[in-house]
Every structure is written in C-alpha cells, then in structure tokens.
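S.K.: First the structure, which I've put down as structure tokens, then a few questions once you've had a look.
The values are calculated or read from the model by the stated rules, or taken from the named source; none is laboratory data. These numbers come from a predicted model, not from an experiment. Please note: Cβ atoms are built from the backbone with ideal geometry, for glycine as well, and neighbour counts cover all protein chains shown.
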C-alpha cells in the first residue's frame, strides 16, 4: 500500500537534512499531510557512512540507536514547530538501498543536499545508488547552501514553479507533476523548453515550430488546470544551465529522470549532477520507475519487518539545541 497522505524525509544529523525536514514539514502542513522522519544506518560502520558526525566505527547497535534517537528528536522538533504530526522511524540497512525500497510505499521523499559527505552523498553521489534515478516515487532534493557556501533562504509559500519540458514520457510526467504542484500552491508555472543553440528564439519565424510543439504539449495541462497561470519560454543551449538559472528566481524546479536520453538524460548523466549540486531551489525529480508504474501492488516486505523498520519514540529536544539548528538552517526563514 502507498501512504497517500504521508511524506517521508531522510535525516542523518546534518544541518542539510534538518533543512529538508523543515521543507517537508512546511509542505505537509500546506497539504494537510503527516510526516514520517527516517534515520537509516548500517552496522558495523554506521557512523562512517550514515551519520553526519565523526565517530569511531563500532559494532554496537545500542550506541547506534542512541545516536539515531538524538537525530530524530531534533528533526521531530522542527516538525513540531510547524504543528505537523511526525512519526519517527529508524531503519537498519544501507541508506541508498533503504530509501529506494521505501520509495515503493510513498508518494514523495525529501532529502537534503549539502554537497559532499553524509546521507546526501550516499543517495546522490553515484549512478548505482542515485535515489532520484532509481526511486519508485518522486524525490525532492533541498539544497543547504549555494556553490559559494552562502546560506539559502527557505520560503514557506511557493509562488513560482519552473519545469524543464521535453516530449519524452518522463518530460511529460514532470510537466503534469509541476502543474499539480503549482495548482496546489496557487502558484505560477514557468515551462522551459530547451532548443538548439542555432535557434534564434527572438525570431518569431525561427521559434514558431518549437512554440507550436510546446503549445501542443501544454494543451492537456491547460484544459485540466484552466485557472493555472502558465508562462512558456524557449531557451537555447544547455538544459542544466537553463534550469540552474531558473532556480535563482523560482521556489522549486521540476524535472523528469529517465536515466538516459532526452532532457533528463542530459540532466542525470555523469556530468549532469550539476543541477542537483548547483540549484539554489529545491529540485523535484520525477523518476523513471515512477513514470513506468513499476511499483509493485503489494507492500514491500522489508517495510513491515520490525527488525528493519521500527518506530523510534523520541524525547523532546532541548529548546537551546533547536534554536541553534534554526539559525544553522536559515536565520531569516519566513515562519520565524
């Protein structure tokens, strides 16, 4: 069964993961959904690969549970601040594999991205363990800082959504999800179609064939969401550059991922992690497996096995600790 009314967010003790928790809780509050906060680790070397702090690797599940409980306590406090019901879970297993399997049972997973190290690097860093490429549900990657180390501001209201559009089935799925997302927020939708460098987009005659194709692609969306404000843009050149640029003045960027070919192939091949690494807005990824409806009907066994996935009750985090986290993730965020 898919948890229709629940968002999953992964935490590892990094400020990036706490920032992702804030974004997920804010979205859950807006949508009237609940939140599940998951901390995953593998033994014996859990500290070296899963948690943000530096520990000596050890085969001690008690210590690992204690560390996970502290991490979950802080994350839950962030959700509590926004009045969101949050369940805290601990999962034993390799984080990259765990989140791919959990994605079978959720409609959305949120993770933070701080560049190198920690949970985000495990989930984004290699093709074989790339959560956006292999997940069974959409993934939102929330950036922590920009490429120059500047703190990125968190908006609690989405007013502008950008989507990279092409005519592949993954691109069309991203277009549908972006329209749905913008509709839910009563936001404007900017549809960006990347065309060859040789096309002069300012020349109506040269741009006409591409704009006609874009209009045809958007016709079903405009029919389904008649009140949605949609802007259409043709951009010559590199799609990664175009969408990274769009992230500067949009609250979220939506893309499809098929692993190879088309726009998504350019975005998610060995050189295209640039969008995830350089976007200054959250990136909403619609993965290939989600588009192909490869999600099995039955509940994944691992998710029901108590020794692998269990609820982790946590004590309320200290007020001063939460204040320190608030400042670390965004001292100027909108809900303060």
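S.K.: Picking from 203, 166, which residue would you name as being surrounded by fewer than 21 Cβ atoms within 10 Å (Cβ to Cβ) and either in the same structural domain as residue 30 (by TED's automatic domain parsing) or farther than 20 Å from residue 110 by Cβ (or both)?
M.R.: 203
S.K.: Could you please find all residues in the stretch 193-218 being within 19 Å of residue 172 (Cβ to Cβ) and touching a residue at least 40 places away in the same chain (Cβ under 8 Å)?
M.R.: Matches in the stretch 193-218: 193, 194, 195, 213, 214, 217, 218.
S.K.: Run down 184, 215 and say which single residue is assigned by TED's automatic domain parsing to the domain that holds residue 251 and touching a strand residue (DSSP E or B) at 6+ places or on another chain (Cβ under 8 Å).
M.R.: On the way: 184 fails: touching a strand residue (DSSP E or B) at 6+ places or on another chain (Cβ under 8 Å).
The match here is 215.
S.K.: Quick check on my filter: what residues within the stretch 146-165 are modelled with pLDDT of 85 or more and assigned to a loop (DSSP other than H, G, I, E, B)?
M.R.: Of everything in the stretch 146-165, those that are modelled with pLDDT of 85 or more and assigned to a loop (DSSP other than H, G, I, E, B) turn out to be 152, 153, 155, 156, 157, 158, 159, 165.
S.K.: Still on this model: Which of (1) modelled with pLDDT of 95 or more; (2) surrounded by fewer than 16 Cβ atoms within 10 Å (Cβ to Cβ); (3) within 17 Å of residue 168 (Cα to Cα) does residue 221 not meet, given it meets every other one?
M.R.: That leaves (2) as the condition not met.
S.K.: For the stretch 237-331, which fully contained strands (runs of 3 or more DSSP E) count at least 2 residues that are surrounded by fewer than 18 Cβ atoms within 10 Å (Cβ to Cβ) and at pLDDT below 80?
M.R.: Hits in the stretch 237-331: 309-311.
S.K.: Is it the case, given these coordinates, that residue 193 is at pLDDT below 95 and surrounded by fewer than 16 Cβ atoms within 10 Å (Cβ to Cβ)?
M.R.: So residue 193 fails the test.
S.K.: Then there's this: Name the single residue that is nearest to residue 250 (Cα to Cα) among those in the stretch 188-216 being in contact with a helix residue (DSSP H, G or I) (Cβ under 8 Å, 6 or more places away or on another chain) and part of a loop (DSSP other than H, G, I, E, B).
M.R.: Only one residue tops the list, namely 201.
S.K.: Any chance you could count how many residues in the stretch 34-50 are at pLDDT below 75 and buried (at least 23 other Cβ atoms within 10 Å of the Cβ)?
M.R.: Residues flagged as at pLDDT below 75 and buried (at least 23 other Cβ atoms within 10 Å of the Cβ) within the stretch 34-50 amount to 2.
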